Amino acid sequence: MRIGILGGTGPAGSALGSRLASVGYDVVIGSRSAERAAAVCSELVARYPEIVTRLSGGDNAAAAEGDVVVVATPWDSAATTVRENSEALQGKVLVSMANALVRVTGEFQPLLPPRGSVAAHIQAAAPRSRVVAALHHLPAKELGHLGAPIDSDVLICSDDRESVRIVSEIVERIPGCRPLDAGQLSNATAIEAFTAVLLQLNVRYKTRVALKLSGFHSPRTHAE
Ligand SMILES: NC(=O)c1ccc[n+]([C@@H]2O[C@H](COP(=O)([O-])OP(=O)(O)OC[C@H]3O[C@@H](n4cnc5c(N)ncnc54)[C@H](OP(=O)(O)O)[C@@H]3O)[C@@H](O)[C@H]2O)c1
């Protein structure tokens, strides 16, 4: 499977890209500038030479050619970036990891994007794509540290059950991550907004928290 990352040159996209390459996916880091994407790939490969055959860089149009595509731009450019590539994204699983947040006098606060969440906004921009909201709470630093597992649950929601299953399988390959089927895309509002709480906890306790829920009785936690 080939995974493209729109806006993959930032901390989140490059960390995700190198992590997914390290667990066997072919990854295309996308950017508004193919040169910038190539430079970011070179830096990642210099740090982790073992991913050299799996990681490449290109413009966002090249990333949109992936079988599964992740949107890793800032929240307020996510829908525009998706709209620009909507033809290539038709029928594909399109993962939104963007959080609409603002920091006001040191405090993280959630914003309400058009349609209630970034994911819903993206779904409206690319109505023929199968939008999945996921990965919002994974900190880029830990995600990009390939030597260590990330002990975290990953909440995944979509209006398309098969897409939740596909993204769950990808998440399951990341050492330490447990995918959880969190229902319909409408739940993206709560998932995205909750990121502000986690970031505030990081500030308050001078750490980087991860999400871990208890109470599951079945080892299968995602859509069959
Ligand atoms: N950082 C984290 O720990 C983390 C964790 C989970 C989720 N997230 C979410 O993941 C997303 C990316 O986070 P990040 O920290 O990597 O963000 P970022 O560095 O601010 O942006 C990521 C990339 O988006 C592209 N971009 C910036 N402005 C753009 C615009 N106006 N139009 C189109 N593309 C633009 C840039 O790539 P080019 O200039 O190369 O095009 C940039 O490198 C955010 O929505 C964030 O909420 C972040």
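Tell me the residue from Ala72, Ala79, Ala100 that is more than 9 Å from the ligand (Cβ to nearest atom), closer than 27 Å to Arg165 by Cβ and crowded, with 19+ Cβ neighbours inside 10 Å, please. Working first, answer last.
On the way: Ala72 fails: more than 9 Å from the ligand (Cβ to nearest atom); Ala100 fails: more than 9 Å from the ligand (Cβ to nearest atom).
Just one listed residue meets the conditions, Ala79.
Taking interchain pairs and intrachain pairs at least six residues apart, which have beta carbon atoms under 7 angstrom, with the first residue in region 61-82 and over 20 Å from Arg19 (Cβ atoms) and the second more than 10 Å from the ligand (Cβ to nearest atom) and in a loop (DSSP other than H, G, I, E, B)?
Ala61/Asn85; Ala64/Asn85; Trp75/Pro113; Val82/Ala126
Among what's in region 21-37 and is within 14 Å of the ligand (Cβ to nearest atom) and assigned to a loop (DSSP other than H, G, I, E, B), pick the residue that is nearest to Ala61 (Cα to Cα).
It comes out as Arg32.
Count, please, the residues in region 52-69 that happen to be surrounded by fewer than 19 Cβ atoms within 10 Å (Cβ to Cβ), away from the ligand (no atom under 11 Å from the Cβ) and charged (D, E, K, R).
2
Restricting to region 1-51, give me the number of residues that are within 21 Å of Val82 (Cβ to Cβ), surrounded by fewer than 18 Cβ atoms within 10 Å (Cβ to Cβ) and under 17 Å from the mean Cα position of the chain (by Cα).
Total meeting the criteria: 4.
Can you pull out the helices (runs of 4 or more DSSP H) entirely within region 105-199 that have at least 3 residues that are away from the ligand (no atom under 15 Å from the Cβ) and in contact (Cβ under 8 Å) with a residue 60 or more places away in the chain?
Passing ranges, in order: 161-172.
Going by the structure shown, is Ala98 farther than 19 Å from Leu138 by Cβ and in contact (Cβ under 8 Å) with a residue 60 or more places away in the chain?
For Ala98, the condition - farther than 19 Å from Leu138 by Cβ and in contact (Cβ under 8 Å) with a residue 60 or more places away in the chain - is not met.
Six or more apart or on different chains, Cβ under 6 Å: which pairs go from a residue in region 4-20 that's on the phi > 0 side of the Ramachandran plot and near the ligand (Cβ under 6 Å from one of its atoms) to one that's at pLDDT 95 or above and assigned to a loop (DSSP other than H, G, I, E, B)? Could you list them?
Gly7/Ala72; Gly7/Thr73
Here's a check for you: in region 82-91, which residue that is over 17 Å from the mean Cα position of the chain (by Cα) and within 13 Å of Ala62 (Cα to Cα) is farthest from the ligand (Cβ to nearest atom)? Before you say what the answer is, go through the steps one by one.
Going through region 82-91, the residues over 17 Å from the mean Cα position of the chain (by Cα) turn out to be 83-88, 90-91.
Cutting the leftovers down to within 13 Å of Ala62 (Cα to Cα) gives us 84-88.
Details: Glu84: 9, Asn85: 11, Ser86: 15, Glu87: 17, Ala88: 16 Å.
In this case the residue turns out to be Glu87.
Could you tell me which of the residues Ser168, Ser117 is modelled with pLDDT of 95 or more and more than 14 Å from the chain's Cα centre (by Cα)?
Details: Ser168 fails: more than 14 Å from the chain's Cα centre (by Cα).
Exactly one of Ser168, Ser117 is modelled with pLDDT of 95 or more and more than 14 Å from the chain's Cα centre (by Cα), namely Ser117.
The values are calculated or read from the model by the stated rules, or taken from the named source; none is laboratory data. In this text the structure is predicted, and so the values were computed from the model without any measurement. Counting neighbours? That spans all protein chains shown, and the Cβs are built from the backbone with ideal geometry, glycine included.
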